[in-house]
Amino acid sequence: MTESTSADSPGKQHHPQPDEKHAHSHPRHTAQELRAEAVEALLIEKGLITADAVDAVLAQHNERVGPLNGARVVARAWSDPGFKAALLDDGTAAIEGFGFEGGQVEKLVVVENTDDIHNVVVCTLCSCYPWAVLGLPPRWYKDPAYRSRIVREPRQVLDEMGLALPQRVAIRVWDSSAEVRYMVLPQMPVAAAGKPENDLAQLVTRDSMIGVEVIHGT
Ligand code: FE
């Protein structure tokens, strides 16, 4: 892993930003998105699915699954050392009791941020993501620039996304796959200690569980 600037760096002009507006000139839809739209249109035309069914899946992940599930897991880990140990040991087994729908967590590995180690998640190959705990991946997560650059120059990319980590903090990048999905256990802000679990959950952001953000004190 290097942090040098490479000449072929494709992301320099359009590095990923959370929810950035794409004001520049690359196509609005990725090839993957166009393909998904084409497949959806064809399946609807053939009468195999309905647009309503597709919308229902999207709504399920945006509204009912969503990153709130992950936030509840994090809040529990912050409140309950036994649960935290179990979560870090076997994420899939530890979250079973929550009964989340949404899937993609057959092997969930939870990695813990500490004072010395910061974890960040990517899928370099495509966009593997733990849907049941984080909902649908943000657009930038699927951006080829994020997927390639976060591995090569994580400190630089995180800095560009608004997270400037001290040099003493080591960065670990976890590459998701169809087999293993990662989630970051962010550090609890010191000021939040002792708060009820429900209040803690409200502090936890999606981006902090991907590892491109840390949670600041309140
Ligand atoms: Fe993937």
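The values are calculated or read from the model by the stated rules, or taken from the named source; none is laboratory data. Only a predicted model underlies this, so the values are computations on that prediction, with no experimental measurement involved. Here the Cβ positions follow ideal geometry from the backbone for every residue, glycine too, while neighbour counts run over all protein chains shown.
Taking segment 145-179 as the range and being in a loop (DSSP other than H, G, I, E, B), within 16 Å of the ligand (Cβ to nearest atom) and within 27 Å of ASP116 (Cβ to Cβ) as the test, the residues that pass are SER176, SER177.
Within segment 54-92, work out how many residues are farther than 15 Å from SER208 by Cβ, among the small types (Gly, Ala, Ser) and at pLDDT 80 or above. Number of matching residues: 5. Filter segment 88-144 down to residues that are under 17 Å from VAL157 (Cβ atoms) and polar (S, T, N, Q) and give me whichever is farthest from the ligand (Cβ to nearest atom). Only one residue tops the list, namely ASN113. What tally of residues in segment 185-210 results from selecting those that are part of a strand (DSSP E or B) and over 27 Å from TYR141 (Cβ atoms)? Result for segment 185-210: 0. When ARG149 is tested against (1) charged (D, E, K, R); (2) touching a Gly at 6+ places or on another chain (Cβ under 6 Å); (3) surrounded by fewer than 19 Cβ atoms within 10 Å (Cβ to Cβ), only condition (3) is not met.
Can you say whether VAL173 is surrounded by 18 or more Cβ atoms within 10 Å (Cβ to Cβ), touching a Lys or Arg at 6+ places or on another chain (Cβ under 8 Å), in contact (Cβ under 8 Å) with a residue 24 or more places away in the chain and within 25 Å of GLN32 (Cα to Cα), as far as the supplied structure shows? So that I can check it myself, show each step before the final result.
Working: surrounded by 18 or more Cβ atoms within 10 Å (Cβ to Cβ): yes; touching a Lys or Arg at 6+ places or on another chain (Cβ under 8 Å): no; in contact (Cβ under 8 Å) with a residue 24 or more places away in the chain: yes; within 25 Å of GLN32 (Cα to Cα): yes.
Taking the combined requirement at face value, the residue does not satisfy it.
Of all residues in segment 162-218, those satisfying the criterion of being of a type outside the set (D, E, K, R) and touching a His at 6+ places or on another chain (Cβ under 8 Å) are LEU165, VAL169, ALA170, ILE171, PRO189, GLY211, VAL214. Count of segment 110-146 residues, restricted to those that are under 16 Å from VAL74 (Cβ atoms) and buried (at least 18 other Cβ atoms within 10 Å of the Cβ), is 12.
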